[in-house]
1. Determine ³J(HN,Hα), in whole Hz, for all residues of the range A:16-33 in sequence, where each value follows from phi through the Karplus function 6.51 cos²θ - 1.76 cosθ + 1.60 and θ = phi - 60°; x replaces Gly and Pro.
2. List, in the order given, every pair from A:Lys130/B:Lys9; A:Lys76/B:Lys130; B:Lys9/B:Lys130; B:Lys10/B:Lys130 whose Cα-Cα distance in the structure shown is over 31 Å.
3. For peptide A:71-83, compute the average count of partner chain beta-carbon atoms within 10 Å of each residue's beta-carbon.
4. Working with all protein chains in place, sort A:Lys76, A:Lys129 by solvent-accessible area computed with a 1.4 Å probe, largest first.
5. Which value, in debye to the nearest 20, gives the size of the charge dipole of the range A:6-138 about its Cα centre, when Lys and Arg are +1 and Asp and Glu are -1 at the Cβ?
6. Tell me the net charge near A:Glu45. Cut-off is 10 Å between Cβ atoms, A:Glu45 excluded, with +1 for each Lys or Arg and -1 for each Asp or Glu.
7. Which GluC sites (Glu not before Pro) does the range A:83-140 hold that lie in a coil by DSSP with at most 14 other beta carbons within 10 Å?
8. Taking the simple approach of a point 7 Å from Cα along Cα-to-Cβ for both B:Lys98 and B:Thr133, what is their distance in nm?
There are 2 protein chains.
Amino acid sequence: MAELHPQLKKDCLLIGQFSLCRLLLMPDANYPWFILVPDRDNISEIHQLSTDDQHTLINESSRLATLMETLFNPDKMNIAAIGNIVPQLHVHHVARFKNDVAWPAPIWGKVEARAYAENEIQNIISELKKHLTEDFVFLI
Amino acid sequence: MAELHPQLKKDCLLIGQFSLCRLLLMPDANYPWFILVPDRDNISEIHQLSTDDQHTLINESSRLATLMETLFNPDKMNIAAIGNIVPQLHVHHVARFKNDVAWPAPIWGKVEARAYAENEIQNIISELKKHLTEDFVFLI
């Protein structure tokens, strides 16, 4: 398994593993915010993945986005590979609402993260466990 | 052919068409910035595309990102589907440099667009015409 970048390890909660990507939760209660990290060494750009891995990435991304729509009923999904600070390829998936604190701007650099209450994170994990029943390994 | 959203039509320069996506140039000289718009009606999220179209999208995205690396030699590619204002699915591809005006922040909402000189846009189009020689139709 490829090493997770120390900044991702520090900032995020590791939830589990799809066939290609690790699933992380960004603990910012302003928005439901997950990150996919392909489990491959020394990759910083999507196009550096093999074609098969690229297809798996978009499959897993769409599976995650569909699940986030089911769980959170957002007005829009925002999906982005930025990586200007953390070079390990990671793809943000953020559920956006017309009444969230940054709407309609993208979320990065807009407002300080807001802490979740412990039970809120537990609730999210419980919901994920109800829905991610196939081809996903929980590590939490 | 699916109608291009009026805001994209107004803000961007239509360059041409891959097999799935139209290629637009955002005329902001701060960064090389292209947009892919899948030629499908009533799609606002990647996961609403068919699986085949999702695979074609990531193929075309990686082809564009690779070409942008060749032409501009950036420090990082930023690729994002946001769409909080323009609902028609469109995927930003931005070549980022450690000395650009917004680095390391994402570009959206950071600084005013800067106009290209006319010959700069012509140079970009000439370069694209040299490199996009297969399965791409120029509309400019």
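1. Result, ordered by residue: x, 9, 7, 5, 9, 10, 6, 10, 10, 9, 8, x, 10, 6, 5, 8, x, 9 Hz.
2. The answer is A:Lys130/B:Lys9; A:Lys76/B:Lys130.
3. Average neighbour count from other chains, rounded to a whole number: 5.
4. Accessible-area ranking of A:Lys76, A:Lys129, largest first: A:Lys129, A:Lys76.
5. Approximately 280 debye in magnitude.
6. Result for the local shell: 0.
7. A:Glu112, A:Glu134
8. 3.4
The values are calculated or read from the model by the stated rules, or taken from the named source; none is laboratory data. These numbers come from a predicted model, not from an experiment. Using ideal geometry, Cβ is built from the backbone for each residue, glycine included, and neighbour counts are taken over all protein chains shown. Areas reflect the complete protein model, heavy atoms only, side chains present, ligands, DNA and RNA absent. Shrake-Rupley method; radii C 1.70, N 1.55, O 1.52, S 1.80 Å.
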